[in-house]
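Trainee: Dropping a structure here in structure tokens format, bear with me for questions.
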């Protein structure tokens, strides 16, 4: 049995571990939690309570201060069971998918919750268990653009990861024209430049992370040199200002990654992972990557691909 198939039927806690980033996160698990509810789209299910089985795993940011054995400083298990009870009580639903989405949304409203796995199974619809499993991640609130009349619009940028082949491709200007034509603020991300990360001597992890981030910033300037419309920016303030101005951005990641609590420090040399992280905190419309680029599962940001440069 392949790893993908095994994980498809594994407990959500095992899937969470297998798809986790290297950034440290704690996990809270609710296993095999039974509830009876009136749910289902078929007429035979209406008015009939049936058994549901819930398995939920929540990845949470490490506490910013010592716990001191204080329950108010953790995400309590009760928050998970309350989310299930509240959503079942709010209205009768036809679909497990709808229920799972609402439970995930409620859990992710908790300040420390970062990613949630929700599996719901019906136990009375046949000889086995029929169910749904979803993975959802926290998404930031979008930047808003103020209009002259005082109203505002949410700005959902397009975050695009360009590998080294795309940076040097002859059709780069035409590709940027096409991306700008989609009408969303454009944020370009890059990874390590060619031949980077090949030092012979092993370095301390903290040192290597900074070297990788600086190398990516060098690559950002390399991209900007190929097209004069590109503006290299580093801070969140610069990013927000440039998006409001409709400027095409190339992201230099060091400052934002190093300054953000629970930032992706352990993925400092992984350009696609950094691009996905930025897309999540900017509430991007989509993250666009070359075909074949590997990204972690569970992001709320839609992933699109473009043909890899030859």
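Trainee: For residue 247, work out the one condition from (1) at pLDDT 85 or above; (2) touching a strand residue (DSSP E or B) at 6+ places or on another chain (Cβ under 7 Å); (3) at positive phi it doesn't fulfil.
Mentor: Evaluating residue 247 over (1) at pLDDT 85 or above; (2) touching a strand residue (DSSP E or B) at 6+ places or on another chain (Cβ under 7 Å); (3) at positive phi leaves (3) as the failure.
Trainee: Would you say residue 283 is within 10 Å of the chain's Cα centre (by Cα), closer than 21 Å to residue 195 by Cα and not assigned by TED's automatic domain parsing to the domain that holds residue 116? Working first, answer last.
Mentor: Details: within 10 Å of the chain's Cα centre (by Cα): yes; closer than 21 Å to residue 195 by Cα: no; not assigned by TED's automatic domain parsing to the domain that holds residue 116: yes.
No, not satisfied.
Trainee: Report, by residue number, each residue of the stretch 287-310 that is assigned to a loop (DSSP other than H, G, I, E, B), touching a strand residue (DSSP E or B) at 6+ places or on another chain (Cβ under 7 Å), free of Cβ contacts under 8 Å to residues at least 24 places away in the same chain and within 20 Å of residue 178 (Cα to Cα).
Mentor: Residues satisfying the conditions are 291, 302.
Trainee: Looking only at helices (runs of 4 or more DSSP H) that lie completely in the stretch 162-224, which have at least 3 residues being touching a helix residue (DSSP H, G or I) at 6+ places or on another chain (Cβ under 8 Å), at pLDDT 90 or above and assigned by TED's automatic domain parsing to the domain that holds residue 256? If you could, list the steps in order and put the result at the bottom.
Mentor: Values: elements: 164-168, 172-180, 205-224.
Per the criteria, 164-168, 205-224.
Trainee: Still on this model: Yes or no: residue 263 surrounded by 16 or more Cβ atoms within 10 Å (Cβ to Cβ) and modelled with pLDDT under 90? Steps first, please.
Mentor: Numbers: surrounded by 16 or more Cβ atoms within 10 Å (Cβ to Cβ): yes; modelled with pLDDT under 90: yes.
The answer is yes for residue 263.
Trainee: Here is a further query. Being at pLDDT below 90, farther than 16 Å from residue 131 by Cβ and loosely packed, with under 13 Cβ neighbours inside 10 Å narrows it down to one of 63, 24, so name that one.
Mentor: Values: 63 fails: loosely packed, with under 13 Cβ neighbours inside 10 Å.
Answer to the selection: 24.
Trainee: If the requirement is being at pLDDT 85 or above and in a loop (DSSP other than H, G, I, E, B), which of these qualifies: 284, 279? Give the steps one after another, and end with the answer.
Mentor: Numbers: 279 fails: in a loop (DSSP other than H, G, I, E, B).
The conditions single out 284.
Trainee: Does residue 257 satisfy the criteria of being closer than 19 Å to residue 215 by Cα and assigned to a strand (DSSP E or B)? Full working, then the answer.
Mentor: On the way: closer than 19 Å to residue 215 by Cα: yes; assigned to a strand (DSSP E or B): no.
No, not satisfied.
Trainee: Next question, about the same structure. Do we find that residue 114 is modelled with pLDDT under 85, surrounded by 13 or more Cβ atoms within 10 Å (Cβ to Cβ) and either more than 25 Å from the chain's Cα centre (by Cα) or closer than 30 Å to residue 26 by Cβ (or both) in this structure?
Mentor: yes
Trainee: Please state which one of 251, 277 is surrounded by 19 or more Cβ atoms within 10 Å (Cβ to Cβ) and under 30 Å from residue 118 (Cα atoms). Give the steps one after another, and end with the answer.
Mentor: Working: 251 fails: under 30 Å from residue 118 (Cα atoms).
Within the list 251, 277, the selection yields 277.
Trainee: A follow-up question, please. Tell me whether the stretch 264-273 contains one or more residues that are under 25 Å from residue 136 (Cβ atoms), in a helix (DSSP H, G or I) and touching a strand residue (DSSP E or B) at 6+ places or on another chain (Cβ under 9 Å).
Mentor: Yes, the stretch 264-273 contains at least one residue that is under 25 Å from residue 136 (Cβ atoms), in a helix (DSSP H, G or I) and touching a strand residue (DSSP E or B) at 6+ places or on another chain (Cβ under 9 Å).
Trainee: I'm checking my understanding of the structure. Among residues of the stretch 131-161 that are in a loop (DSSP other than H, G, I, E, B) and closer than 17 Å to residue 248 by Cα, which one is modelled with the lowest pLDDT? Can you show your working first?
Mentor: Filtering the stretch 131-161 for residues in a loop (DSSP other than H, G, I, E, B) gives 138-142, 147-151, 156-157.
Pick out the ones that are also closer than 17 Å to residue 248 by Cα and you get 156-157.
Details: 156: 86, 157: 93.
So the residue we want is 156.
The values are calculated or read from the model by the stated rules, or taken from the named source; none is laboratory data. These figures come from a predicted structure and were not determined experimentally. All Cβ positions, even for glycine, are placed from backbone atoms using ideal geometry, and neighbour counts span all protein chains on display.
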